[in-house]
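Q: The structure that follows is given in the form of structure tokens.
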Amino acid sequence: MRRPALAGKLLILFTLGLFVVLVKLGFWQLSRAEEKQQLLAAQEARFQATPLTMDNLVQTPLQQVQGARMEVTGTLLATPTLLLDNQVMDGKVGYLAYRLLQVPGYKALLPVELGFIAAGNDRRILPQLSAEAMQLTLRGRLYQRQANPMSQGLGAEAGEPMRIQALDINALSVQLGKPLLNICLQPDTMPGLPLPRRWMPVSMPVEKHLGYAAQWFSLAGALLVLTLLYWIRTRKKSNTSSGIETQ
């Protein structure tokens, strides 16, 4: 019996290596799904707890207030208005608008999400919001905006409103010359600014991680089947050739 050609051996080794990589990717997605489930469960527990006050917020580590409810009274400053670029809601491309809340007795300002604003056809023209300071009491949920993988930094543009590419709180604080809390409040309602808001505690839901895991495992399974078929076909050809040679 002749040995398989070197190219065939290398192909099988490469395929098996790729199979291992695909399986590992599938298990990695499963682990990410489990992490997200634990994160969402923790946030839901905080959501059900007593709403935080500003005192609670500044005294608690930020990772322990993600998803928690908060009630706060202060002045929503008229400027600056921040427009976070490259946002999508219900198939529309636009911005998430933010303003800053000044709470009496606290130097640091709290970023408040006003909601989604669709972009116009001309990117040079930014949407405008009524510029008026408001004294109000807000109730909502706290979150930290995740880093934008498509942006290398704040990317702030001069003007009012200020278009930014990422909600980098530290860089934004330097840009504005004002201390900011490194967390945002998404209010349940916003008096005078009825913009749509959507609660997105994680950038990718658990279901997507599970879907990706299924895809990786399916690819691994298909690759294994093709490899076995190739091996069986090669063995049959080898046996046939050996039979002819012995006649």
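Q: When ligands, DNA and RNA are left out and all protein chains stay put, how many square angstrom of accessible area per residue does the chain have with a 1.4 Å probe?
A: 60 Å²
Q: While we're on this one: Once fully extended, how much extra length lies between Gln102 and Asp188, figured as 0.36 nm per residue of separation less the alpha-carbon to alpha-carbon distance?
A: Result: 29.1 nm gained on full extension.
Q: Please give the FRET efficiency for Val21 paired with Leu176, using the beta carbon to beta carbon distance and R0 = 35 Å, rounded to the nearest 0.05.
A: With R0 = 35 Å, the Cβ-Cβ based efficiency is 0.15.
Q: Now for a different question. Is the chain rounded, prolate or oblate when judged by the Cα gyration tensor, a ≥ b ≥ c being the square roots of its eigenvalues, rounded requiring a/c under 1.5 and prolate requiring a/b larger than b/c?
A: Note, shape of the chain comes out prolate.
Q: How many lysine pairs in the chain, separated by 8 or more positions in sequence or lying on different chains, have Cα atoms less than 30 Å apart?
A: 9
Q: Given the options Lys107, Lys36, Lys237, which has the most mean-square fluctuation in a GNM of the chain, springs set between C-alpha atoms less than 10 angstrom apart?
A: Per the Cα network of the chain with a 10 Å cutoff, Lys237 tops the list.
Q: I'd like the antiparallel share, as a percent to the nearest 5, of DSSP beta bridges with both residues in the chain.
A: 80 percent
Q: Label points 7 Å out from Cα along the Cβ direction at Asn121 and Arg139: separation in nm?
A: Inter-label distance under the simple model: 4.3 nm.
Q: Let me ask another. Taking 7 Å along the Cα-to-C-beta vector as the label spot, tell me the Leu13-Ala42 distance in nanometres, rounded to one decimal.
A: It is 4.4 nm.
Q: What distance in nm separates the two pseudo spin-label positions at Ile232 and Gln128, each 7 Å out from Cα along the beta-carbon direction?
A: In this crude label model, Ile232 to Gln128 measures out at 7.2 nm.
The values are calculated or read from the model by the stated rules, or taken from the named source; none is laboratory data. Computed from a prediction, not measured in an experiment: that's the story for all the values here. Cβ sites come from the backbone with ideal geometry, for glycine too, and all protein chains shown count toward neighbours. Each accessible area value is taken on the protein alone, full model and side chains, heavy atoms only, with ligands, DNA and RNA left out. Shrake-Rupley method; radii C 1.70, N 1.55, O 1.52, S 1.80 Å.
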